[in-house]
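Everything below concerns the one structure shown next.
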Amino acid sequence: MIIIKLFLIIVLSIIFILFAFSTKKRTFQKLFVVFGYLVLVVFIVDPGYSDKVAHLFSIGTGKDLVLYIFAAITSLINIVLYIGSKGHDSAITKIIRENAKKDAKKCR
Amino acid sequence: MLKVVLNDNKNNEIAIVIPLYNEEFVIEGVLKELKSMYPQFALIVVDDSSNDNSYSKACLEGIFLLKHTVNLGQGAALQTGIEYAIELGCKYVVTFDSDGQHDPKDIESFVNRLKMGDIDIVLGSRFLGKTQNMPISKRYLLKLSRMFTWLTTGLWLTDSHNGFRAINIKRFPNFEIKQNRMAHASEIINIIKTLEMRYEELPCNIRYSEYSMGKGQSMWNSINIVFDYFVGNLMK
């Protein structure tokens with residue numbers, strides 16, 4: 001059990017380092033990531049805490065709470081990635097359009 | 001009437017913008033027909049990175065040929081063509097499909113209507129014209145899209161997804177299509193409302209053939225179009 005917990009904490013720490021030290025993140029985003037990291041570490045070390053927090057929000061058990069948080073975070077990440085990809089689409093379109101106009105030819 | 005339009009087209013006043021994607025079997029015929037009927041119009045073809053020989057087939061004498069190096073979609077190709085027409089100094093832009101469905105004869109009435117000056121955009125409607133061989137499923141799909149357009153823009157059109165349009169681009173240089181793919185048709189109706197453009201629908205004949213129907217929009221793609229449209233609006 002301890003090995004699994006250690007493994008989870010190591011994986012979580014790697015993800016935390018990647019997110020928290022990314023230069024593009026704003027301060028409140030970094031604080032949110034730090035808070036999320038600490039909460040998850042506590043939940044891994046002592047799953048009993050997740051039950052207590054779950055009861056505070058009138059959610060069945062800690063497992064349900066973790067599942068809901070996971071679903072919410074996954075959805076949020078998907079939306080952020082989608083918006084980001086749309087932004088890239090727009091930039092790529094602009095570049096391709098400018099090149100097309102620059103290389104336009106009148107056929108002879 | 002046609003002669004008046006043609007003689008008036010000094011310095012590329014009128015452009016026909018044709019988005020092109022994988023139409024190697026028909027594009028040559030479409031362009032030859034347009035060239036013979038409207039020799040003084042600027043014909044602008046935007047190849048949207050076709051996988052076949054469309055690009056080389058479209059390179060007929062006098063055609064302005066542009067190429068997207070990556071496939072972006074019909075909306076993007078139209079916008080590229082419109083921007084190029086503005087660079088050429090064109091006043092009016094006609095958007096015309098490359099698959100041979102549209103009838104070049106209709107261009108004359110569209111341009112003449114724009115030239116009267118009291119209308120900023122003319123929209124083609126297949127329900128006002130003689131449309132041949134339209135499948136029933138297509139008819140109902142278009143009726144649904146008509147309702148959708150009304151719900152999202154408040155404009156009640158007889159045909160909201162017709163690629164045949166004529167635009168007074170000189171009056172509206174800020175006419176900008178941002179939807180790269182097929183949702184541009186709904187977006188254009190939104191642009192009409194936002195820019196307060198004066199519009200009118202005119203009949204246009206659509207020639208449905210086995211070839212063109214094989215390349216038509218599927219029901220599933222309609223769902224993608226609606227999704228793109230809403231996401232595009234949310235991200236404005």
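Bear in mind these aren't lab numbers, they're just calculated from the coordinates by the rules spelled out. Quick caveat: nothing in here was measured; it's all calculated off a predicted structure. Cβ atoms come from the backbone with ideal geometry, glycine included; neighbour counts cover every protein chain shown.
Dividing the alpha-carbon Rg of chain B by 2.2 N^0.38 Å yields what? Kindly include the intermediate steps, with their values, before the conclusion.
On the way: Rg = 16.5 Å, N = 236, 2.2 N^0.38 = 17.5 Å.
For chain B, the normalised Cα radius of gyration is 0.94.
Compactness check for region B:23-93: Cα Rg over 2.2 N^0.38 Å is 1.07.
Distant-in-sequence amide contacts of B:Glu201, defined by a placed amide H-H separation under 5 Å and a gap of 5 or more residues or a different chain, comprise B:Leu123. Seen from B:Arg171, the other residues with C-beta closer than 11 Å to its C-beta sum to a net charge of +2, counting Lys and Arg as +1 and Asp and Glu as -1. In chain B, the calculated helix contribution to ellipticity at 222 nm averages -12500 deg cm²/dmol per residue, counting -39,500 (n - 2.57) for every DSSP H run with n ≥ 4.
Within 10 Å of each Cβ of A:94-103, how many other protein chain Cβ atoms are there on average? If you can, show how the numbers build up before the last one.
Numbers: counts 0, 2, 10, 11, 2, 6, 16, 7, 1, 4.
Counting Cβ atoms of other protein chains within 10 Å of each residue's Cβ and averaging gives 6.
Only Cα sites of region A:2-102 enter the Debye sum here, all with the same form factor; the resulting log10 I(q)/I(0) across q = 0.10, 0.11 1/Å is -0.43, -0.50, listed in q order.
Summing charges over neighbours of B:Glu28, with a neighbour being any other residue whose Cβ is under 14 Å away from its Cβ, gives -4 when K and R count +1 and D and E count -1.
Once you wrap a convex hull around the alpha carbon atoms of region B:1-130, what is its projected area averaged over all directions, in nm²?
Working: hull surface 31.7 nm².
Result: 7.9 nm².
Each semi-axis of the equivalent ellipsoid for the protein assembly as shown is √(5λ) with λ an eigenvalue of the Cα gyration tensor; in descending order they amount to 51, 22, 18 Å. What percent antiparallel are the DSSP beta bridges of region B:78-203, to the nearest 5? Roughly 60 percent of the DSSP beta bridges within region B:78-203 come out antiparallel.
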